[in-house]
Amino acid sequence: MREKDVTMATPLVVSSVGKSFTMHMRGSVRLGVVENVSFSLRAGECAVLGGPSGAGKSSIVKMLYGNYAVDTGQIIVSHHGELVDLAKADARVVIAIRRDTVGYVSQFLRTIPRVAAVDVVAEPLVSRGTGREKAEARARDMLRRLNLPERLWELPPATFSGGEQQRVNIARGFITDHPVLLLDEPTASLDAANRQVVTDMIAEKKRTGVALLGIFHDQEVREAVADRIIDVTEFAPREAAA
Amino acid sequence: MKDEPLLRVTSLSKSYGSRVGCNEVSFELWPGEVLAVVGESGSGKTTLLNCVSTRLPPSSGTVSYRMRDDAWRDLYRMSEAERRFLMRTDWGFVHQNSADGLRMTVSAGANVGERLMAIGDRHYGRIREAATDWLERVEIAEDRVDDQPRAFSGGMRQRLQIARNLVTSPRLIFMDEPTGGLDVSVQARLLDLLRGLVSELGLAAIVVTHDLAVARLLSHRMMVMKDGVVVETGLTDRVLDDPRQPYTQLLVSSILQV
């Protein structure tokens, strides 16, 4: 029991994670990205990755979502009460973790031809077994809250503006109750009113015990949501000995 | 649902004399999982698909399939009759060239109904109803049921192939370049349809394609082939966004951005 409480309270533990890219088309040059990344996320907090661009903030978030491969270290996720190392999990486990445990709002929406905005937003709920009607009703609530004009809801977002696409993306990421939520610049192309909506939504997630990790260049948003800053420059790779 | 793979491929190789078709390929496919096999012409992806789907006997290796009663069977140790029955009921095969998967001179409705008759359904009204229902699901209007597929456009023929394959509620679908040769708007419609059906029906699928965008849209997992060998495998977005192998990096960096 006690052990379970601990995993619930710390749903994500990152230890000694390292990442580099080997560019085979550039003479196999190896680019170190980060080294020895170690931190954990507690339920109900929002930690923010800080540091200049190019420091590896997005790469860290992408590793935590299984989108980038991990060279070394562990990413321990509490998934349905079990501790799973995402860094070594096979594809179907990563898919299950994404469906139920780790959510992600990327910087840009990847649009799918012919799929309406409301269905893009409802999809994470449908994939977890919520009935389509109920999921779509929730999706409409999210889109309304984010001030996306109702005439756009039934259209595929491919032709939307950057800010409109971003709001569809946010609605899709926030619609579920994933215990861990990763945010990569979710407010980058939003106006002040919608930034405030997102700030409020993050505060609500914290109150329900979600652990959030975000990248926010906007200082106002960062100050409003961050419980602490994780300085990514501490994870800068040492110069390769070779 | 039992937590076991549906298909298990072990050290599958096929050579044509001294030329390698595919070499020592192993993988598992799980229920509901869509696996994309990508690579350029001559990479061995179609050879692999044909060997796995028992359309082309491999030189060595095994293909095991979990039947509906959960018993594992080695496909190349089954009788020809058993294998044919499996292909007609529990499997589907969507060909790039629709003429390979359809009977061009019988009606659309009969193309779909034929698979039901092959498994013993003899009730005309029920067969016609199922056929009409499936044509509707693949967005072929009811007034085209009695038309022959040679009067259909390329996109419609592909959708008819899909209806014909899915009418028997298969658990596994093989697709060989399902959107090859179609106009992009027609491709988008077909991909959207496939994506919806696969997730709605919980189908497992192996999709061979040279188009990485098709792989990204349809598949959960990806295998990259070159010269008959699997060079990289993993979660689809991981392989595409963080390719590790030289050949995969070349493929990904060669995509034209729109």
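Can you tell me which condition A:Asp141 does not meet? The list is (1) in contact with a strand residue (DSSP E or B) (Cβ under 7 Å, 6 or more places away or on another chain); (2) more than 14 Å from chain B (Cβ to nearest Cβ), and all the others hold.
(1)
Can you report the number of residues in the range A:100-125 which are under 19 Å from the mean Cα position of the chain (by Cα), under 30 Å from B:Glu139 (Cα atoms) and buried (at least 16 other Cβ atoms within 10 Å of the Cβ)?
The total comes to 8.
Specify the residue that is farthest from the chain's Cα centre (by Cα); the eligible residues are those in the range A:204-242 that are among the small types (Gly, Ala, Ser) and under 19 Å from A:Gln166 (Cβ atoms).
A:Ala224
The rows are residues; the columns are (1) exposed (fewer than 14 other Cβ atoms within 10 Å of the Cβ); (2) under 18 Å from B:Pro170 (Cα atoms); (3) basic (Lys, Arg); (4) not assigned by TED's automatic domain parsing to the domain that holds B:Leu29.
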{"residue": "B:Ser59", "(1), (2), (3), (4)": "no, no, no, no"}
{"residue": "B:Thr62", "(1), (2), (3), (4)": "no, no, no, no"}
{"residue": "B:Trp72", "(1), (2), (3), (4)": "yes, yes, no, no"}
{"residue": "B:Ala81", "(1), (2), (3), (4)": "yes, yes, no, no"}
{"residue": "B:Leu86", "(1), (2), (3), (4)": "no, yes, no, no"}
{"residue": "B:Ile119", "(1), (2), (3), (4)": "yes, yes, no, yes"}
{"residue": "B:Glu129", "(1), (2), (3), (4)": "yes, no, no, yes"}
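So which residues in the range B:94-105 are in contact with a Lys or Arg (Cβ under 8 Å, 6 or more places away or on another chain) and surrounded by 18 or more Cβ atoms within 10 Å (Cβ to Cβ), if there are any at all?
Matches in the range B:94-105: B:Ser98, B:Gly101, B:Leu102.
To keep it simple, each residue is scored yes or no on (1) among the acidic types (Asp, Glu); (2) touching a Gly at 6+ places or on another chain (Cβ under 7 Å); (3) without any contact (Cβ under 8 Å) to a residue 12 or more places away in the chain.
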| position | (1), (2), (3) |
| --- | --- |
| A:Gly44 | no, yes, no |
| A:Ala55 | no, no, no |
| A:Leu64 | no, no, no |
| A:Asp71 | yes, yes, no |
| A:Ile75 | no, no, no |
| A:Leu86 | no, yes, no |
| A:Ala89 | no, no, no |
| A:Arg92 | no, no, yes |
| A:Ala96 | no, no, no |
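Taking the stated definitions as given, is B:Ala131 farther than 23 Å from B:Val38 by Cβ and not aromatic (Phe, Trp, Tyr)?
Against the criterion (farther than 23 Å from B:Val38 by Cβ and not aromatic (Phe, Trp, Tyr)), B:Ala131 qualifies.
What number of residues within the range B:31-51 are assigned to a loop (DSSP other than H, G, I, E, B) and either surrounded by 20 or more Cβ atoms within 10 Å (Cβ to Cβ) or out of contact with any helix residue (DSSP H, G or I) (no Cβ under 9 Å at 6 or more places or on another chain) (or both)?
7
For (1) buried (at least 22 other Cβ atoms within 10 Å of the Cβ); (2) within 13 Å of another protein chain (Cβ to nearest Cβ); (3) outside any helix (DSSP H, G or I), each residue gets a yes or a no:
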{"residue": "B:Ala205", "(1), (2), (3)": "yes, no, yes"}
{"residue": "B:Ala215", "(1), (2), (3)": "yes, no, no"}
{"residue": "B:Met222", "(1), (2), (3)": "yes, yes, yes"}
{"residue": "B:Val231", "(1), (2), (3)": "no, yes, yes"}
{"residue": "B:Gly234", "(1), (2), (3)": "no, yes, yes"}
{"residue": "B:Val239", "(1), (2), (3)": "yes, yes, no"}
{"residue": "B:Arg244", "(1), (2), (3)": "no, yes, yes"}
{"residue": "B:Thr248", "(1), (2), (3)": "yes, yes, no"}
{"residue": "B:Val252", "(1), (2), (3)": "no, yes, no"}
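Hey, among B:Val186, B:Val258, B:Val198, which residue is at pLDDT below 95, more than 20 Å from the chain's Cα centre (by Cα), outside any strand (DSSP E or B) and of a type in the set (Val, Ile, Thr)?
Of the residues listed, the single one that is at pLDDT below 95, more than 20 Å from the chain's Cα centre (by Cα), outside any strand (DSSP E or B) and of a type in the set (Val, Ile, Thr) is B:Val258.
Among the residues of the range B:147-185, write down those that are surrounded by fewer than 17 Cβ atoms within 10 Å (Cβ to Cβ), out of contact with any Ser or Thr (no Cβ under 8 Å at 6 or more places or on another chain) and within 17 Å of B:Trp134 (Cβ to Cβ).
B:Ser169
The values are calculated or read from the model by the stated rules, or taken from the named source; none is laboratory data. This is a predicted model, so every value here is computed, not measured. Here the Cβ is made from the backbone with ideal geometry for all residues, glycine too, and neighbour counts use every protein chain on show.
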